[in-house]
Amino acid sequence: MSSDTLPRDFLWGYATSSGQIEGSPEVDGRGLSIWDTFSRQGNTTEDGRSSDFGTDSYIRWKEDIALMKSYGVNCHRFSISWSRVIPLGGRTDPINPAGIPFYRTFIQSLLEAGIQPMPTLFHWDLPQALQDRYKGFLNKEEIVADFTHYARVVFEGLGDLVKVWVTINEPNVYAALGHCIGAHAPGRSSDRTKSPEGDSLVEPYIVGHNLLLAHAAAVKVYREEIAQQGGSIGLVINANWAEPYDQTDQSIAAAERYFTICSLWFADPVHKGDYPDLLKEILGDRLPEFAPEEKVLLMGSSDFFGLNHYTTYYTKVRTTPAAPTDFRSQFFHDVEETITSPDGKEIGPEAGLPWVRPVPWGFKKVLRYLWERYGKDIYVTENGVICPGEKDMKKEEAVEDDFRIDYYRSYINVMAELINEGVPIKSYLAWTFADNFEWQEGYTAKFGVTFVDTETGDRTPKKSAGFLREFMGKKMGKHEASLDGGIPDKT
Ligand code: PNW
């Protein structure tokens with residue numbers, strides 16, 4: 001295999017999530033999620049808009065599959081809405097008769113289109129009833145039991161059609177943004193301008209702990225009751241790379257602390273059976289402990305490393321202390337991020353959101369690091385960017401997304417180099433299929449390769465969709481002619 005190619009069985013396509021695309025929050029018996037409630041407050045999203053519309057995909061999913069097929073993908077990552085399957089979420093609550101059948105039909109249609117499904121059980125849209133009943137992921141006994149029940153219902157309903165499962169998406173982001181910074185649902189924080197309750201220094205670690213235990217319990221159910229169907233299952237973790245600002249011992253150690261605080265927090269428990277010692281040192285008694293039997297359950301509970309990766313920062317020891325009310329900075333302990341290196345150069349070009357600058361060499365470093373640390377297959381489950389100024393662009397301008405094309409080309413090229421060095425990377429799922437509800441950014445942050453008119457729901461492929469179809473087709477040794485159809489031109 002030349003360094004230019006990808007294996008023929010490589011999985012590629014797009015990732016989405018129910019809370020960002022489905023809309024129809026109260027249709028066909030669905031219950032409300034914490035994101036419905038949170039985003040309807042009017043002041044929690046950039047444009048004041050809620051997730052009620054998403055990309056209207058609960059209605060338009062057939063069109064989405066047809067479009068994806070025209071994009072040449074062979075895999076699709078999406079998530080299941082817990083409150084569509086069990087509207088109130090709990091283990092004794094009624095099951096919605098319209099829930100599982102919707103996802104079954106959806107998956108069958110994907111398979112008919114030659115697209116392998118990769119469902120995620122939980123991508124942050126917790127049933128509101130569980131937040132109200134017992135504070136959701138803050139309550140270990142209740143949430144683990146309810147999540148396990150929900151997982152079993154989904155595995156039993158869909159397991160025969162699925163080869164790769166994701167349990168939970170980015171527990172690190174759910175815990176930190178939802179329970180420290182308060183920018184994501186359920187919006188808890190010590191910052192009383194944001195939330196009447198919450199403890200930013202403590203709650204993220206309780207929530208994180210319970211997310212890990214819920215993940216491990218669901219995996220146990222899958223392996224003991226369902227896995228004879230031959231599938232694999234794992235956790236998806238967000239891991240941006242932390243590059244030492246300079247080669248001083250302080251900066252090198254700061255980068256290690258940053259990466260540990262953000263990502264190894266979840267990666268070590270599922271791949272090594274416990275939190276890293278460094279995290280225990282940093283957090284002291286703020287970090288809960290696992291019982292011996294929980295460690296056994298966690299160890300090896302992810303068949304692969306599911307990686308969401310977007311960008312890289314330079315990191316160094318903070319020069320000015322964090323303000324007592326700056327909980328984001330406190331989350332990073334004594335480390336701060338910067339985008340400028342000592343020689344004054346910026347780490348990468350400015351993109352459409354401040355946090356997502358393209359740094360392809362950081363992707364290479366994080367992939368190599370995770371392979372060397374854990375020795376597990378890696379599934380790249382999200383990777384993507386926004387073009388500078390894209391939020392204010394009209395359709396005609398937005399579809400000329402060369403900045404996104406450059407990002408994808410450079411990121412995929414470094415990944416292909418590693419695969420050719422023998423690193424077992426099995427998938428590349430770009431974020432995302434279509435411009436959607438981007439959490440606290442509302443509809444202003446557009447990560448899609450498809451432009452969506454949020455008034456009419458009309459979809460228009462951006463240039464990057466055609467680029468990726470051709471680029472991935474060539475890398476996987478297929479010729480353009482063998483790809484069926486063309487991309488429908490709706491402009
Ligand atoms: C991921 N950060 O979230 C999520 O899995 C997606 O749902 C989301 O739409 C996508 O990335 C783009 O944001 C992240 O601040 C949210 O570093 C925030 C960060 C990273 C990932």
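The values are calculated or read from the model by the stated rules, or taken from the named source; none is laboratory data. Nothing here was measured: the structure is a model prediction, and the numbers come from that model. As a convention, Cβ positions derive from the backbone with ideal geometry for all residues, glycine included, and neighbour counts pool all protein chains shown.
Odds and ends about this structure:
- Count of residues meeting criterion [under 28 Å from GLY13 (Cβ atoms), over 18 Å from the mean Cα position of the chain (by Cα) and among the aromatic types (Phe, Trp, Tyr)] in segment 164-223: 1
- Among the candidates ARG188, ARG152, residue that is among the charged types (D, E, K, R) and more than 19 Å from SER81 (Cα to Cα): ARG188
- Residue within segment 466-476 that is away from the ligand (no atom under 16 Å from the Cβ), touching a Lys or Arg at 6+ places or on another chain (Cβ under 9 Å) and either among the aromatic types (Phe, Trp, Tyr) or farther than 18 Å from MET415 by Cβ (or both) present: yes
- Checked against the criterion of being of a type in the set (S, T, N, Q) and either under 19 Å from the mean Cα position of the chain (by Cα) or within 27 Å of ILE181 (Cβ to Cβ) (or both), the candidates SER51, SER109 yield just one match: SER51.
- Scanning segment 294-317 for any residue that is within 16 Å of the ligand (Cβ to nearest atom), without any contact (Cβ under 8 Å) to a residue 12 or more places away in the chain, among the hydroxyl-bearing types (Ser, Thr, Tyr) and over 25 Å from VAL164 (Cβ atoms) turns up nothing.
- Cross-chain or 6+ apart pairs with Cβ under 7 Å, segment 426-439 first and in contact (Cβ under 8 Å) with a residue 24 or more places away in the chain, then assigned to a strand (DSSP E or B) and near the ligand (Cβ under 7 Å from one of its atoms): LEU429/GLU382; TRP431/GLU382
- Residue in segment 97-104 that is assigned to a loop (DSSP other than H, G, I, E, B) and within 16 Å of the ligand (Cβ to nearest atom) present: no
- Test: residue in segment 134-146 that is at pLDDT 95 or above, touching a strand residue (DSSP E or B) at 6+ places or on another chain (Cβ under 8 Å) and surrounded by 22 or more Cβ atoms within 10 Å (Cβ to Cβ): no
- ILE206 of a type outside the set (Gly, Ala, Ser), in contact (Cβ under 8 Å) with a residue 60 or more places away in the chain, over 24 Å from LEU158 (Cβ atoms) and buried (at least 17 other Cβ atoms within 10 Å of the Cβ): yes
- Tally, over segment 69-96, of residues that are touching a helix residue (DSSP H, G or I) at 6+ places or on another chain (Cβ under 8 Å), assigned to a loop (DSSP other than H, G, I, E, B) and farther than 26 Å from PHE467 by Cα: 11
- Note on segment 436-457: residues that are part of a loop (DSSP other than H, G, I, E, B), closer than 16 Å to ILE405 by Cβ and of a type outside the set (Gly, Ala, Ser) total 3.
- Selection status of TRP82, among the aromatic types (Phe, Trp, Tyr), in contact with a strand residue (DSSP E or B) (Cβ under 9 Å, 6 or more places away or on another chain), in contact (Cβ under 8 Å) with a residue 60 or more places away in the chain and within 16 Å of the ligand (Cβ to nearest atom): yes
Condition check ((1) under 30 Å from THR193 (Cα atoms); (2) surrounded by fewer than 24 Cβ atoms within 10 Å (Cβ to Cβ); (3) at pLDDT 95 or above; (4) not small (Gly, Ala, Ser)) across all residues:
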{"residue": "GLY19", "(1), (2), (3), (4)": "yes, no, yes, no"}
{"residue": "ASP36", "(1), (2), (3), (4)": "yes, yes, yes, yes"}
{"residue": "ASN43", "(1), (2), (3), (4)": "yes, yes, yes, yes"}
{"residue": "TRP61", "(1), (2), (3), (4)": "no, yes, yes, yes"}
{"residue": "GLY72", "(1), (2), (3), (4)": "no, no, yes, no"}
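- Test: residue in segment 446-453 that is of a type outside the set (Phe, Trp, Tyr) and more than 16 Å from the ligand (Cβ to nearest atom): yes
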